[in-house]
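These notes concern the structure reproduced below.
Just so you know, all these numbers are worked out from the coordinates, no wet-lab data involved. Bear in mind that the values here come from a model prediction, so they are computed numbers and not experimental data. Virtual Cβ from ideal backbone geometry, glycine too; neighbours counted across all protein chains shown.
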Amino acid sequence: MKINNEFRCSFPAVSANEGLARAAVSAFLIPADPTAQELADLRTVISEAVTNAIVHGYRETEGDVYVTLRMLPERTIYIRVADKGRGIPDVQKAMEPLYTTAPEEDRAGLGFAIMQTFTDTLHVRSTPGKGTVLIMRRRLGKTDEA
Amino acid sequence: MQIHYNTETGQLLVQLDGEIDHHSSNALRAEVDAAIYAHLPQRLILDFRNVSFMDSSGIGLIMGRYKILQPLGSEIILQNPAPHISRILRLAGMERLAKIRSEVQKEAVK
């Protein structure tokens, strides 16, 4: 598929970089002229994905988070967030709303629910011990009432 | 963030600001909980007027405070969320745990 633009970055899995990832999404999206809601949705999506990598993938241990943003035809945004952390043993279970492995940290277990709601497609590929890759797409300019 | 406790009404008003994410929520939680345990308020008001971003970490923050306050019979009010924050509150079903309201711009109750 034709890629109109692409931005790749990686950064250490520390929570201060969650804001950095949101800023990257904002900067990448600006030329596509998203609505305020589209921008807010995709900033939320990247925040959830990167937080998952830091909290669950690396469990606060050292490692890098890899982000790829692409602008595809028909104003479709592609977001890929990958880590080389522990992986998810049961992806179906992890995607259930309110399921969390970190309740003691006040994690709501809503990350996947939010990512699914705010994107058109979400694919998860995870191998225990190897890491997790999330790939999401959202087409801009659709009227989307949630 | 500003925290103000009104002894007459038993209201703890927390004026949140900036971005609420996993990074900021630990410090936020510690400050809010310190005030909750110091005052055991009848009502906790979280004001989102100056919050520019919130993800599910904010939902975790609200749910955690609900767990502390519910046994005390105290209520939580979430006020003045921006539209994108309202969406996340609704998606998470927070209206079942808390009142969500918007205040017309007026002098903050001090």
Exercise. Under a 5 Å amide H to amide H cut-off, with H placed in plane at 1.01 Å, what residues pair with residue B:76 once short-range neighbours are removed?
Worked result: B:44, B:99
Problem set entry | Lysine pairs within chain A, Cα separation less than 26 Å, 8 or more sequence positions apart or different chains | 4
Exercise. Pick from A:31, A:128, A:89: which residue has the top mean-square fluctuation in a GNM of chain A where Cα pairs under 10 Å get a spring?
Worked result: A:31
For this session: Rank B:84, B:71, B:20 by how far each Cα sits towards the positive end of the charge dipole of chain B (+1 on Lys, Arg Cβ; -1 on Asp, Glu Cβ) and give me just the farthest.
Result: B:71
For this session: Would you mind pulling out the separation of the Cα centroids of region A:53-79 and region B:1-61, in Å?
Result: 29 Å
For this session: Compute the whole-percent fraction of alpha carbon pairs in region A:5-139 spaced more than 22 Å apart.
Result: 31 percent
For this session: Over the whole of A:107-119, what's the average partner chain Cβ count within 10 Å per residue? Rounded to a whole number, please.
Result: 5
Exercise. Under 5 Å between amide H atoms, partner at least 5 residues away or on a different chain: which partners does residue A:140 have, H built in plane at 1.01 Å?
Worked result: A:76, A:77
Exercise. When the helices in the protein assembly as shown are scored as -39500 (n - 2.57) per DSSP H run of 4 or longer and the sum is shared across all residues, what 222 nm value do you end up with, to the nearest 500 deg cm²/dmol?
Worked result: -10000 deg cm²/dmol
Exercise. Do any GluC sites (Glu not before Pro) in region A:68-113 lie in a loop, going by DSSP, with at most 14 other beta-carbon atoms within 10 Å of their beta carbon, and if so which?
Worked result: A:74
For this session: Using only alpha carbon pairs under 8 Å that are at least six residues apart, calculate the relative contact order of region B:2-101 and give it in whole percent.
Result: 28 percent
Problem set entry | Dipole magnitude of the protein assembly as shown, debye to nearest 20 (Cβ charges: Lys/Arg +1, Asp/Glu -1, about Cα centre) | 600 debye
For this session: Rounding to the nearest 20 debye, state how big the charge dipole of region B:2-101 is about its Cα centre with +1 on each Lys and Arg Cβ and -1 on each Asp and Glu Cβ.
Result: 360 debye
Exercise. By count of other Cβ within 10 Å, fewest leading, how are B:1, A:71, A:136 ordered?
Worked result: B:1, A:71, A:136
Problem set entry | Neighbour count of at most 15 Cβ within 10 Å plus DSSP loop: longest GluC sites (Glu not before Pro)-free window in chain B | B:9-102
Problem set entry | Separation of alpha-carbon centers, region A:2-43 and region A:88-102, rounded to whole Å | 25 Å
Problem set entry | Of A:133, A:91, A:55, the one that fluctuates the most in a GNM where chain A has Cα springs shorter than 10 Å | A:91
Exercise. According to the Kirkwood expression over distinct Cα-Cα pairs, how big is the hydrodynamic radius of the protein assembly as shown, in Å?
Worked result: 19.0 Å
Problem set entry | Coordinate range along principal axes, alpha carbons of region B:13-110, Å, largest first | 31, 31, 24
For this session: Would you grab the residues whose amide H sits under 5 Å from the one on residue A:63? Only those 5+ places off in sequence or on another chain, please, with H modelled 1.01 Å from N.
Result: A:13
Exercise. Based on Cβ point charges of +1 for Lys and Arg and -1 for Asp and Glu, what charge dipole magnitude is obtained for chain A about its Cα centre, in debye rounded to the nearest 20?
Worked result: 600 debye
Exercise. Going by the alpha-carbon gyration tensor, a ≥ b ≥ c the square roots of its eigenvalues, is region A:88-129 rounded (a/c under 1.5) or, if a/c is not under 1.5, prolate (a/b greater than b/c) versus oblate?
Worked result: oblate
Exercise. Relative to the longest principal Cα axis of chain A, at what angle does helix A:17-29 sit, 0 to 90 degrees, rounded to 10?
Worked result: 20 degrees
Problem set entry | Rounded to 10°, Cα long-axis angle of helix A:36-52 versus longest principal axis of chain A | 20 degrees
Problem set entry | Relative contact order (percent, whole number), region A:1-106, Cα cutoff 8 Å, 6+ residue spacing | 33 percent
